[in-house]
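Colleague: Here it is, the structure in full.
Quick note: the coordinates plus some simple rules give every number you see, no bench work behind them. Here the structure is a predicted model, which is why all the values come from computation and not from measurement. In this analysis, Cβ positions are derived from the backbone assuming ideal geometry, glycine residues included, and neighbour counts consider all displayed protein chains.
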Amino acid sequence: MKHTYYYVGIVATLIFIFFNFVACGAQFYKLSLEDDISHELIGSNDPNSEYYGIHTLHGWGANIPMHYQSDPTISQDQLRQIQAGMKTWEFVTGKKLFQYDGVHANTTGDSFPDLYSSLKDQINGNYFDENWNKTGKSDQVLATTIWTNNRDQSLITACDIRYNISKYILGDSLVISSTPDKEVVDLQSLATHELGHLLGLSHVDESYDPNSIMKATVFIGEGLISRKVSALDIARIQKLYGCEGAACDIDALVEKIEYNYEMNHEDFSLISSN
Ligand SMILES: [Zn+2]
């Protein structure tokens, strides 16, 4: 099937801006996430707009669950962490948003000649790039989410997430350690943010919603996680996908999220998504 790409672009650039401080023996870095977007919905940058923080009005539309595959080098733990991020978004909509189709055989991020070429294969992939330079992004970019839209830009038609493994160790930051060459980045936290982009959300300002998973700054390092979505994140994702059942009670959801955070560090893979 031939496919025409109208808008390609995007993304989640996580640019490291400063060494913040040193504590608990681990170095903490605060990163700035800076979008590199060729198309955004009008109003997505305006906190007074009803489209604030949304880049594609109807997300994947009727094409949910969206099908995805993963890099064959992914570990079971890493896959589980990315899927925990997916379950977070499913938990707060009450809908099945993602369908796993297994690994994309023989295809890592390094298989593609550049960043955007991975969109041409009709497979929505989660890829790891050891040769990150060829994406054209700086070493300080942790991951990039790229997508295509339909002609009127109301729907997402294809998407890939490219993860930088040349400078970072992606995994459970509560468990794994940094090395002299590579800093730990909590994969569930990073994936939850990138998956927000994949579903249709863009960044929101920290002053607008300091608890948002979609805010443009993030701490990385051993022991640092930010896996929670905020009440405003939930309201925003429900604008795109609606809600079902218990997910429609946002106040109750937020309470469950806080409870879950206390109990198991927001690992949604451990709780029922009903
Ligand atoms: Zn981002």
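Colleague: Using amide H atoms built in the peptide plane, which far-off residues or other-chain residues are under 5 Å from ALA143 H to H?
Modeller: Sorted by chain and number, the residues that satisfy this are LEU14, ASN164.
Colleague: By how many nm would the segment from MET263 to TYR208 lengthen if fully extended, with 0.36 nm per residue of separation less the alpha-carbon distance?
Modeller: Computed gain between MET263 and TYR208 is 17.0 nm.
Colleague: From the square roots a ≥ b ≥ c of the eigenvalues of the alpha-carbon gyration tensor of the stretch 175-229, which class results: rounded (a/c under 1.5), prolate (a/b over b/c), or oblate?
Modeller: Prolate, because a/c is 1.5 or more and a/b exceeds b/c.
Colleague: Once phi is turned into θ = phi - 60°, what whole-Hz ³J(HN,Hα) does the Karplus curve with 6.51, -1.76 and 1.60 give for every residue of the stretch 52-58, x standing for Gly and Pro?
Modeller: Couplings: 4, x, 10, 9, 9, 4, 10 Hz.
Colleague: Another question, if that's okay. Place the peptides 190-201, 138-149, 99-110, 61-72 in order of packing, highest mean first, counting for every residue the other Cβ atoms within 10 Å and averaging per peptide.
Modeller: 190-201, 138-149, 61-72, 99-110
Colleague: Given that compact globular proteins tend to follow 2.2 N^0.38 Å, what is the ratio of the alpha-carbon Rg of the stretch 153-245 to that value?
Modeller: Output field value: 1.20.
Colleague: Separate question: Using a/c under 1.5 as the rounded threshold, could you call the stretch 115-274 rounded, prolate or oblate? The axes a ≥ b ≥ c are square roots of the C-alpha gyration tensor eigenvalues, and prolate needs a/b larger than b/c, oblate otherwise. Provide the component values of the computation, followed by the final result.
Modeller: Numbers: a/c = 1.94, a/b = 1.15, b/c = 1.69.
Oblate, because a/c is 1.5 or more while a/b does not exceed b/c.
Colleague: With point charges of +1 on the Cβ of Lys and Arg and -1 on the Cβ of Asp and Glu, referenced to the Cα centre of the stretch 175-274, which listed residue (SER226, VAL175, GLY242) lies farthest in the positive direction of the dipole?
Modeller: Comparing the listed Cα positions along the dipole, GLY242 ranks first.
Colleague: Return the sequence-ordered ³J(HN,Hα) values of the stretch 171-180 in whole Hz as given by the Karplus equation 6.51 cos²θ - 1.76 cosθ + 1.60 applied to θ = phi - 60°, using x for Gly and Pro.
Modeller: Couplings: x, 7, 5, 7, 10, 8, 10, 6, 10, x Hz.
Colleague: Here is a further query. Once both labels are modelled 7 Å past Cα along the beta-carbon direction, what's the GLU50-GLN122 spacing in nm?
Modeller: 3.7 nm
Colleague: Another question, then. What ³J(HN,Hα) values, in whole Hz, does the Karplus curve 6.51 cos²θ - 1.76 cosθ + 1.60 give for the stretch 64-80 when θ = phi - 60°, with x put for Gly and Pro?
Modeller: 9, x, 7, 8, 9, 10, 10, 4, x, 8, 5, 7, 4, 5, 5, 4, 5
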